[in-house]
Structures are given as structure tokens and as C-alpha cells.
Amino acid sequence: MSQTSATPQQTVLNATHRALGAKMVDFGGWDMPIHYGSQIDEHHQVRRDAGMFDVSHMTVVDLHGPRVRAFLRHLVANSVDKLKVSGKALYTAMLNERGGVIDDLIIYYRDETFFRIVVNAATRDKDLAWITQQAKTFDVEVKERPEFAMIAVQGPNAREKVCTLLSAAGRAVAMKLGKFSAAEIDGMFVARTGYTGEDGFEIMLPDTQAAAFWQRLLDAGVKPAGLGARDTLRLEAGMNLYGQDMDETVSPYEAALAWTVALDAGRDFIGRAVLEQQKAQGAPRQMIGVVMDEKGVLRHGQKVLTAHGEGEILSGTFSPTLGKAIAFARVPAGEIALNVPGAVHVDIRGKQVPVRVVKFPFVRDGASLVPAM
């Protein structure tokens, strides 16, 4: 984690948030909006229509050099060889030698000498130090891009509303953009990615243009949403939060991220040996999804009791879409019956409360995936 300074950093949209009445909080050393009045309303706005988030605190890094693909083949657990078309994106984890997750990130392929990555805000300092250290062997230039702001527009109507603000040519490109792809459109880097489980765009643009574009989005009917709604949306969508659901002591297999690991032949990425061993023998821990049918809230750090031993709640929240508490938990490896009340218990203030283990995501396309009781 980066050190939190006495005075949090501000994005270029800070004054805009305050003018809209946002409640601001210190998030990883940044002064960010938690909500603009109602976190629940903002959550539903994204699920049902379109909402926007200021994610300018995220760190954009450009990698340049003739050996940049070889560098990324070594740096991350997923295979960048999947990226063959300019603009395509890849979600992956950057590991240490013990197979623990240093950070999760998105890689965008621009050309054979230019890849762009986006890493988390709270891990900026350690990420840049690690990436820069590893890049030396490959003679890759590591260039942070702090002059970019980033706005995420998410929801079933997000793409349509953004496209009304683009030029005719830009609109044509944006509407054809496939999922997990990006393109330069009207001077902006527009990616069809997100952290909510909804469709939409993450838009990088010069910070000098961010406030004006935010206002244009407002005028187009896109409502602002804060970090509170972003957290409930991503948990419903089954997406990990770095520092809470995974860290440097957790492997991708222990964070339900096996799908981001490519053990392709001939590629010796950092942490590979540990992952090969865990795949062969099984990881000692597993991440599960749980839902609590009783009233109450599941919170980080609560003890989870299973037939195989004790674990703990990672991310936990009240799900506005489901109307009940949901959580990720990390527990000892072993088979657990799905959708059986009481197969697992959570210790809440000394009381063992029964919960159901369910597959996640909990929500897709605005609808519950959790079996009814």
C-alpha cells in the first residue's frame, strides 16, 4: 500500500464533486466521493440506467520498447500472447516469487512496442517500483501518465448515452467496440471495460478536459455515483478488491482467479513454480461466496466456520439488488455443499449465524443469480 499523506491527494474533478454535494472520504490517500446523497440510489441507477464514477486516482502506465511483450510475458500470470489486435485488453495479476498477488491490473495492447497498463491507486508506489525494477532487464521504458483523468460510465444505457456525446465517426467506432477492447476516439482513450458487472466504458482523457466532459455526461442524463456504490456493485458482480480479497500472501488460486492464470508452455513468469505446485496439489485455501438469509450484515474479518476449519469474511456488504447480505470468504480447501443453509456459519458478535455458500457472481445483467430459498 502507498503511504497515506496528511493531506489526501485530489483528482482534477474534486471541486466538481464538492459542488454536487458529495460526501468525501480519504480512500488510499485520495480525497474521493463516497456518495452524492444516497449510495443505494446510486447503486440502482447503475444497475438500471447509467451512472458515472471518477476513477482518476487509478494509475495509468505506458510501457515502450521492442521487448515489451517479452517483458509482460515474464511479469504477469495471464498470457499477453492472447493480445494480437490493437486495443484488445487483458485482466491479469502481477505476482511475487511466492505466487502472491502484488496487484491486479488491466493490460491494453497498442502495438508491438507499446502496451498500456492500469493499476490500483493504493498500490501505486509499490507497483511502479516493482515494474520498473523488472523492466530493466528488458530495456523497457516505464512512463506514468498522471495527466490523464479517468471516468467510468456504467449501466445498461451507458454506452448509448456516451455515444450521444461523440462525433459521428467516433460514435461508429464506439458502438462497434467489443468487450475488453479500447480505441482512440475524439482525443480520448475509450475502453469497454468496467468494475460493476454492467456494460459501459472507462474513458481516459486529458485532465484539462475532464470537468467539461463530466458536465456533458450530466447533461446527457448520466448521474454521478461514489465509491460506496462502486463497492456494492463490484461485489455483487463477483469482482475482487485488492487489499481486501487478495494481497501478497494470497495466490490467484486462493482468490478464485484461476481463470487469469495461463500455464502456457515455454513461459517462465514470476511466481509460476508456486502456481504449478498449487495446481497439481491443490491450493490450501479457497474463496467462496456466501449469502445470509437472516437480517444483518457480513463484514470483513468475521470468523467463518466450516467442516474443514476456520476462515474469515473478506469483502462483505448489504446487496441492494438482492436485499440481503453477501460476502466473499476465504476458508480452508475442501468441498462445501452449495445452497445449503448452515453448511457454513459466520460468527457475528459471538452468535453462529448460518449462511449459504453460492457461486458468484451474485448478480448479472441486473438480475439475481442466487437461488431463492
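The values are calculated or read from the model by the stated rules, or taken from the named source; none is laboratory data. All values derive from a computational prediction rather than experimental measurement. Backbone-built Cβ (ideal geometry, glycine too); neighbour counts: all protein chains shown.
Observations, loosely collected:
- Candidates Arg98, Arg73 - the one that is in the same structural domain as Arg159 (by TED's automatic domain parsing), part of a loop (DSSP other than H, G, I, E, B), touching a helix residue (DSSP H, G or I) at 6+ places or on another chain (Cβ under 9 Å) and among the basic types (Lys, Arg): Arg98
- For the range 358-373, a residue qualifies if it is touching a residue at least 60 places away in the same chain (Cβ under 8 Å) and of a type in the set (A, V, I, L, M), and the qualifying residues are Val358, Val363, Val370, Met373.
- If you filter the range 266-299 down to residues that are modelled with pLDDT of 95 or more and of a type in the set (Gly, Ala, Ser), you find that the one that is surrounded by the fewest Cβ atoms within 10 Å (Cβ to Cβ) is Ala280.
- The range 148-204, residues that are among the basic types (Lys, Arg) and touching a Cys at 6+ places or on another chain (Cβ under 7 Å): Arg171
- Residues satisfying the criterion are present in the range 141-153 (criterion: in contact with a Ser or Thr (Cβ under 6 Å, 6 or more places away or on another chain) and within 14 Å of Glu202 (Cβ to Cβ)).
- Selection count, the range 1-23, where residues are over 22 Å from Glu202 (Cα atoms), outside any loop (DSSP other than H, G, I, E, B) and of a type in the set (A, V, I, L, M, F, W, C): 1
- Per the listing Gln154, Gln134, the residue uniquely closer than 26 Å to Met32 by Cβ and crowded, with 16+ Cβ neighbours inside 10 Å is Gln154.
- Search result, residues across the range 261-277 that are assigned to a helix (DSSP H, G or I) and either among the hydrophobic types (A, V, I, L, M, F, W, C) or in contact with a strand residue (DSSP E or B) (Cβ under 7 Å, 6 or more places away or on another chain) (or both): Ala273, Val274, Leu275
- Within the range 248-260, the residues that satisfy the criterion of being out of contact with any Gly (no Cβ under 7 Å at 6 or more places or on another chain) and either farther than 15 Å from Val76 by Cα or part of a helix (DSSP H, G or I) (or both) are Pro252, Tyr253, Glu254, Ala255, Ala256, Ala258, Trp259, Thr260.
- The residues in the range 68-97 that are farther than 20 Å from Gln278 by Cα and surrounded by fewer than 18 Cβ atoms within 10 Å (Cβ to Cβ) can be counted, and the count is 8.
- Only a single criterion out of (1) part of a helix (DSSP H, G or I); (2) buried (at least 20 other Cβ atoms within 10 Å of the Cβ) is not satisfied by Met52, namely (1).
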